[in-house]
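Below is one structure, written out as structure tokens; the observations come after it.
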């Protein structure tokens, strides 16, 4: 405990240090984007309406869906992880801390991507939205490690992970020109396999053992449902956040259908594999959401309502079976312990989403999409001037690489493989670095226990004790909780 | 228990079967609406802005209020019903399952209404919003039955109820051309009386008896407040969801005033009728919302701020008195057990809302509404070409039936009577079908108990027990919760 | 108890009376604003789109941020205060009651400000938004008094406070033409110092003593985090609610940066000052939000991303140090008891926000803001016709007072001083009036105890007790909770 205490002080210093570095970097690199800059004449109009003219069309206004995504990240992820009996305060508290650091890191990572020598990188509502989406990735990885790390280990992991996330997304989206509207690959699969790789490294040293605090309580299960339901209901916003117009509407419809279907099938499968045909809270808290992950890549595609329902159902089935049969196996054989079962919610459904997206890309034709085919899959647009002219003039289509449907599908699958590969390799390296003592380590008995992170009050759990009022000594200040 | 176990397996099969049928029907009947269809040239413009042109005006953009309504249905209804001491997981879990099934059913029901031989029915954001509103109806009925049914009984009820809901709303809204912006009649009164009719059928066989789990705990009451407060604060969105422009703004203002007033009066009445002038959590969780129901039909009408406050105050008063005096009476005399007291939150306030709406319709004149009278009450628009010409050309008014204010008020009352009538009759029939064993039955001792639905962990309720760490046996996998 | 019971009945009558007065005042003073009025021809267009023409631009549509602010007031404030072990129902319930009354009072206060002899005051979405913001002020003061008053004392305080709030904001905003976009001064500093002044008056009579119920429990701390996280994530909406266009975007970005930075630094400082370098829940629940308060005044100004981060970090640091060192001192020396520590979340960060705003105003130049300088600081606009002409014609700038940057900064500081002064003086007077018995008083043993306000059920805390099912007597109705 004494050693931990020393290490505790060091961690505090590291935490201050991280925020100072972030302030310095933000000062050096970032500025307001033109839409948020007072000194930008195009923001100001010809009289009337307080002189504003450059009004965003409602269709492209990030404020339509941004607040919903924001709720998912902070309330959804935070409360989803409160299911552990004695780790609820850490779950919600550390998500909060980690999120607040990583949203700044994500902005800087995006800023570096857009960096130009002569000017600072712009911040806009779009950047904030992108940062929220990026932050989801390390929070997913955190789910695999919940209760087994110090907070500074998570911070350290999150920063490295966001850098690799940015690299991988840049490769997939800009270099290989692949579509992943709801980030099934870039966020979900990446976050899950990265976290599992880290957990594998942790398990190499200490074989995962049974821990008596690793279970839920009646109330902690209900707290977790706050997270589940908010994630579930705003998932259509998450998957449609990067889209506009009819693509966005389609993504909302597809996601709602897929996640509804996965919810029903997850309940049914849970009862099927459980004793006495009862439901299991872990399945309900997690697998009900698998349809949102699985429709992600294809959310904006013309996969038809029935396609969205089908992939959602499959994801729900797969996810519950994963919890029941695969997770124990992975833990026993590979020594990978997965506290929240992110492999079942984000890993497998993410891969399924990537494959389904490739399939839909392979089936996409100009007959079913008209010219918006070339908006959704820019790499499929013609590269010859002759064919492009009319489209460009009338619909603003840019030149592409003239990819066929099959080629696009191939690229989609390639990026899925690359994503999982980068996630695993960088996760292994990150895990090795985390196991060194610089960020502290927690002992076996501190696992899954809020006492490791929080000054807890002795609780008067029994009603009688409360009524009696055992006074702590007259002169002490009453605000014992401060 | 053995028998229940068999029945449990059958229920699981039914649950899978329902989702499969939904996928088949959705595949056969539904497609993307034009606004969500990539192959719809009007979605694509002349260059610029990624080629988008068909931009929605902010005033008619469903994304302004849809997310709020979505929160009401899934978080609001779900958590409102968590007040029972040992039925919180079922309350939130079964609302979740039921909602996920019924939102698909509601889309299909709407699709059938719009069905044309030669083309599939369109899905749009508007359909999703309508489906959310429709789903509220069976969730209200569920409130009367909470803790007394199997989940498949609820699913079965919900599907039948949504069909009748669709028929009734079609008759009221399209055939009899009645206004019910906030669905006081179509959703609230219908859902309440349908549920009470089902409960009546259940009570015919088994007289409702006192049950020791039918009460709240300290924390379950706070969980329920999550539901109450989210319902309360987004109710203006619910009542204004179907409206636009000034009608929508007026509905928001009226609803906020009415529900604020009902909140204050519900608190005051609760203290008035309770021992020692204290507040009662059941009243606060429910009756505070009665003003939202009561202003529903008239939400978009010119009922003046003071009118909205007055009807809200009356609803709050009525609702608390109902909980205190009417519910026990109904249970004793009519053997209708009403777990959440939906008669007091949705039944009586819904009827009050219908009557208040008729009154406001009866007072509506061209002097106070100008030509928007004919937008709000389309049946009142002139049917003669001469009178209509100018309005049509300048304000887009269509020909109506030339109804007088009195006639419109009469139609409003007629639809209220029809709604309650259809609800009761179809509820009785549904209840009789539910009592047959196809969907299972729960025993007296399983009532209001999460054990009937969930694999619960034995809880280590005492702090000491947690600290000691009673290990369950060395070789077992630690993830006991999976 | 008998005496309290009498007083209880009187309080109920007062509560009814307040709502009746509000209905009368609303009837006498308020009407629908033109945007919500059916009888306003400009709401109706030339055909098409159901005759609507006067469509709001998305940029100025209050529905973009209003729902988020609404969540902050009702969920955020309500749940933030549930941290006390046995006062959770009162925290969420009384916030609910108080809010429902005061939102009506706030509308009437604004209505009186806009009052004209010949016509009623208009209600619009903007009024509802302003009312929400105003209601935050007495809810902040309530935080200082939580657990130590009757509900009618809070209602009485809230009404007086809103009147003084309206006067102070009118003086600052309209007479002295000061900028306070996120209301660091008008809401946060005012609410905190008003509440502390009331608490001072309460402490003059009874020295604050240690109370055994004044602490959190494991679950109450998690409930409070619902409030914290919703406040944290929607704070950018609060600070940007009154702004438009690039100002609004900038306010969102600045607030997100500042509140993220304060979150990280609050965690770090909490661990720094606590035993064993652990986090403290009180700090995490409150001080993480201090950055939102501190950036308030300057939210729409060009303070640069790095400026926002820096002021947030400073606020987080100040706030935790306040909890640790200043609050105990203030309680001991000044006998001011501050239940939620509003001085640390709203008081000091509010003053910091006012000073930072003055500093930014002092640094604002036409070079960095272009002509929007005169939109953001209207008093700095030229008053001479010659200089004004081009700006007015091209950008809609109105004539101002030709203030220099330094003068504007001076006015900002003056208003900060006036605000704190009015808050303290009117808080002292209000406190003296509250101590008289008209609104009841609560005894020392009723403090921080839900029993003072609620009919609580005896809880069956032990699992076994639930299982046994101690039946209460056969004939009694089962719905013991009604």
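Taken over segment B:407-427, the residue count meeting the criterion of being touching a residue at least 40 places away in the same chain (Cβ under 8 Å) and loosely packed, with under 15 Cβ neighbours inside 10 Å is 2. Checked against (1) modelled with pLDDT of 85 or more; (2) part of a helix (DSSP H, G or I), residue A:401 meets all criteria but (2).
Looking for something touching a residue at least 12 places away in the same chain (Cβ under 8 Å), more than 9 Å from chain B (Cβ to nearest Cβ), within 16 Å of the chain's Cα centre (by Cα) and at negative phi - is there at least one such residue anywhere in segment A:296-314? Scanning segment A:296-314, I find at least one residue that is touching a residue at least 12 places away in the same chain (Cβ under 8 Å), more than 9 Å from chain B (Cβ to nearest Cβ), within 16 Å of the chain's Cα centre (by Cα) and at negative phi, so the answer is yes. In segment B:201-231, the qualifying residues are those that are crowded, with 24+ Cβ neighbours inside 10 Å and without any contact (Cβ under 8 Å) to a residue 60 or more places away in the chain, and the one that is nearest to residue B:355 (Cα to Cα) is B:229.
Any idea which of B:338, B:276 is at pLDDT below 95 and either surrounded by fewer than 24 Cβ atoms within 10 Å (Cβ to Cβ) or within 24 Å of the chain's Cα centre (by Cα) (or both)? Please lay out each step first, then the result.
Working: B:338 fails: at pLDDT below 95.
Answer to the check: B:276.
When segment A:404-441 is filtered for residues that are assigned to a helix (DSSP H, G or I) and at positive phi, nothing remains. Restricting attention to segment B:443-482, the residues that are more than 8 Å from chain A (Cβ to nearest Cβ), modelled with pLDDT of 85 or more and outside any helix (DSSP H, G or I) total 4.
Is there a residue in segment A:289-296 that is touching a helix residue (DSSP H, G or I) at 6+ places or on another chain (Cβ under 6 Å) and surrounded by fewer than 24 Cβ atoms within 10 Å (Cβ to Cβ)? Quick ask: steps written out before the conclusion?
Of all residues in segment A:289-296, those touching a helix residue (DSSP H, G or I) at 6+ places or on another chain (Cβ under 6 Å) come to A:289-296.
After this cut, where a residue has to be surrounded by fewer than 24 Cβ atoms within 10 Å (Cβ to Cβ) as well, the list is none.
Checked segment A:289-296: no residue is touching a helix residue (DSSP H, G or I) at 6+ places or on another chain (Cβ under 6 Å) and surrounded by fewer than 24 Cβ atoms within 10 Å (Cβ to Cβ).
Only one entry of B:386, B:367 meets the criterion of being within 9 Å of chain C (Cβ to nearest Cβ), assigned to a helix (DSSP H, G or I) and over 24 Å from residue B:419 (Cβ atoms), and that entry is B:367.
Restricting the first member to segment B:1-14 and to residues that are over 19 Å from residue B:445 (Cβ atoms), and the second to residues that are assigned to a helix (DSSP H, G or I) and at pLDDT 90 or above, the beta-carbon pairs closer than 6 Å and six or more apart or on different chains are B:9/A:277; B:12/A:268; B:12/A:271; B:12/A:272; B:12/A:277; B:14/B:152. The single condition from (1) modelled with pLDDT of 95 or more; (2) assigned to a helix (DSSP H, G or I); (3) crowded, with 24+ Cβ neighbours inside 10 Å that residue C:310 fails is (3).
Entry remark, segment C:175-229: residues being under 22 Å from residue C:337 (Cα atoms) and over 18 Å from the mean Cα position of the chain (by Cα) number 20 in total. Can you tell me which of B:244, B:249 is within 23 Å of the chain's Cα centre (by Cα), surrounded by fewer than 24 Cβ atoms within 10 Å (Cβ to Cβ) and facing chain C (nearest Cβ under 7 Å)? After ruling out the rest, the residue left standing is B:244.
Regarding residue C:268, is this residue in contact with a helix residue (DSSP H, G or I) (Cβ under 7 Å, 6 or more places away or on another chain) and part of a loop (DSSP other than H, G, I, E, B)?
no
One line per residue, one yes/no per condition, for (1) buried (at least 23 other Cβ atoms within 10 Å of the Cβ); (2) away from chain A (no Cβ under 13 Å):
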position: B:91; (1), (2): yes, no
position: B:101; (1), (2): yes, no
position: B:106; (1), (2): yes, no
position: B:124; (1), (2): no, no
position: B:136; (1), (2): yes, yes
position: B:142; (1), (2): yes, yes
position: B:147; (1), (2): yes, yes
position: B:157; (1), (2): yes, yes
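Residue count for segment A:260-290 under the criterion of being farther than 22 Å from residue B:9 by Cβ and at the interface with another protein chain (Cβ under 7 Å from one of its Cβ atoms): the result is 1. What about residue C:257, is it at the interface with chain A (Cβ under 7 Å from one of its Cβ atoms), part of a helix (DSSP H, G or I) and over 19 Å from the mean Cα position of the chain (by Cα)? In short, no. Of the listed requirements (1) away from chain A (no Cβ under 14 Å); (2) touching a helix residue (DSSP H, G or I) at 6+ places or on another chain (Cβ under 8 Å), residue C:417 misses just one: (2). Consider segment B:163-200. How many of its residues are surrounded by fewer than 19 Cβ atoms within 10 Å (Cβ to Cβ) and under 30 Å from residue B:436 (Cβ atoms)? Total meeting the criteria: 4. I'd like to know if segment A:29-39 contains one or more residues that are more than 7 Å from chain C (Cβ to nearest Cβ), part of a helix (DSSP H, G or I) and at pLDDT below 90. There is at least one residue in segment A:29-39 that is more than 7 Å from chain C (Cβ to nearest Cβ), part of a helix (DSSP H, G or I) and at pLDDT below 90. With respect to (1) in contact with a helix residue (DSSP H, G or I) (Cβ under 8 Å, 6 or more places away or on another chain); (2) under 17 Å from residue A:38 (Cβ atoms), the lone exception for residue C:368 is condition (1).
Filtering segment C:88-147 to residues that are in contact (Cβ under 8 Å) with a residue 60 or more places away in the chain and outside any helix (DSSP H, G or I) leaves C:115, C:119, C:120, C:121, C:122, C:123, C:124, C:146, C:147.
The values are calculated or read from the model by the stated rules, or taken from the named source; none is laboratory data. Keep in mind that what you see is a predicted model, and the values were worked out from it rather than measured. As a convention, Cβ positions derive from the backbone with ideal geometry for all residues, glycine included, and neighbour counts pool all protein chains shown.
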